[in-house]
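Nothing in this text is a laboratory measurement; each read-out follows from the coordinates by a stated rule. These numbers come from a predicted model, not from an experiment. Here the Cβ positions follow ideal geometry from the backbone for every residue, glycine too, while neighbour counts run over all protein chains shown.
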Amino acid sequence: MGLFKRKGKGGGNAATRLYYASDIHGSGVLWRKFLNAASAYRAQVLVMGGDVTGKVVVPLVEREDGFHVDLFGERSVVRGEELERMEQKIRDNGMYPHRMTAADVERVAALSEAEREEWFGDVMRRTFDGWLAMADERLDADTRCFVMPGNDDPPGVDRSIEAARKVEACDDRVVAFGDHTMISLGYANETPFDSPRELPEEQLFERICALADEAGPMERCIFNLHVPPYDSQLDTAPALDENLAVVMSGSAPKMVPVGSRAVREAIERYQPLLSLHGHVHESPGATRIGRTLSINPGSDYHTGRISGCLIALKGDTVRHQFVTG
């Protein structure tokens, strides 16, 4: 846990406790743990920093003897309570169970790529809308919960967040809580994966600057930017070749910085109190860029454990502690 104090007095109000996590990639168990952080850590503010949805639909195909499902290379036939347990197991592993007939499977297989993406989005939103309804049930009236999509999240996520009651949209806007403001942007710099939300570095920088110019004093501002700053030790990932295979250095992967130069330049220019990042799962840590404390808690979503950071904000001071649930 560290203490980073900006020039000037910290202010007399009580500290605001904020819990930040990112990159849960469709894991239902991690979403529940994220919501529970409000009571577990007495956090008044929750921030989910993007990449909230999964990427895989698992068909459960109805036949005479039950529902047939292939999961992790193993075929099962389930019915009754076994079916419900299997669906929960799929959800907790960041995938979407979907009951189908054999005719449904053939119909989806025959769709064009664009049509199949639209079908997947519909399946995903049914689960995601259920997550938002869960937030309505579990969060009390005093808890602020901000959620933004990340570069891997499809367009329909925005509409669901905007329509939620207890979850607040924050992407591409300035929000305020306590004595602090927060700007948010879920886009990443361009990646080899051609994900749904990517921008060239110049455009990314322009978007960040436009938000920062509206945010007020930087000594009480938070940058919630999905992608971490370039070469910050928060953005180190395996290098990939032109076939997206991991480049090896001896017996270990070659690790390189993959973050955004635009994000780094914006932090260096504006020097906010705090910057929060996700995107690069294997690079958790905290560092300082000038006077800014920059944090990436990392992600181990496939293990069922949520990697987060508990942050205390008081005026122009910030304290942080990494927590795993």
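Here is the list for the stretch 73-110: trypsin sites (Lys or Arg not before Pro) lying in DSSP coil, each with at most 13 other C-beta atoms within 10 angstrom of its C-beta, are 79. Dimensions of the stretch 249-325 along the principal axes, based on C-alpha atoms and rounded to the nearest Å, stand at 45, 31, 16, largest first. Based on Cα contacts under 8 Å between residues 6+ apart, the chain shows a relative contact order of 23 percent.
Scanning the chain for chymotrypsin sites (Phe, Trp or Tyr not before Pro) that sit in a DSSP loop and have at most 12 other Cβ atoms within 10 Å, the longest stretch containing none of them is 194-325.
Sparse packing (at most 16 other Cβ atoms within 10 Å of the Cβ) combined with a DSSP loop state is found for the following GluC sites (Glu not before Pro) in the stretch 47-134: 64. Of all DSSP-defined beta bridges confined to the chain, some 60% are antiparallel rather than parallel.
Coupling constants for the stretch 117-125 follow from the phi torsions by the Karplus curve (6.51 cos²θ - 1.76 cosθ + 1.60, θ = phi - 60°), and in residue order they are 4, 5, 4, 4, x, 5, 5, 4, 5 Hz; glycine and proline get x.
Cα centroids of the stretch 201-221 and the stretch 46-119: 40 Å apart.
The orientation-averaged projection of the convex hull spanning the C-alpha atoms of the stretch 134-190 amounts to 4.6 square nanometres.
Tell me, Kirkwood radius of the stretch 225-289 from alpha-carbon pair distances, in Å? Don't skip to the end; give the middle numbers.
Values: mean 1/r = 0.0794 Å⁻¹.
Hydrodynamic radius (Kirkwood, Cα pairs) of the stretch 225-289 is 12.6 Å.
Restricting to DSSP loop positions (anything but H, G, I, E, B) with no more than 14 other Cβ atoms inside 10 Å of their own Cβ, which GluC sites (Glu not before Pro) remain in the stretch 230-301? Provide the component values of the computation, followed by the final result.
Working: sites: 242, 265, 268, 282; in loops: 242, 282.
Those satisfying the criteria are 242, 282.
May I ask what percent, to the nearest 5, of DSSP beta bridges between residues of the stretch 43-180 are antiparallel? List each step's numbers first, then the result.
Values: 9 of 22 bridges.
In the stretch 43-180, DSSP labels about 40 percent of beta bridges as antiparallel.
Restricting attention to the stretch 210-288, close to 60% of DSSP beta bridges with both partner residues there are antiparallel. Shape index of the chain: Rg/Rh, with Rg the Cα radius of gyration and Rh the Kirkwood radius from the inverse mean 1/r over Cα pairs, equals 0.99.
Over the residues of the chain, the helix contribution to mean residue ellipticity at 222 nm works out to -8500 deg cm²/dmol, using -39500 (n - 2.57) for each DSSP H run of at least 4. Computed over the stretch 185-323, the range of Cα coordinates on each principal axis works out to 47, 34, 25 Å, biggest value leading.
The per residue volume of the convex hull around the alpha-carbon atoms of the stretch 177-244 is 110 Å³.
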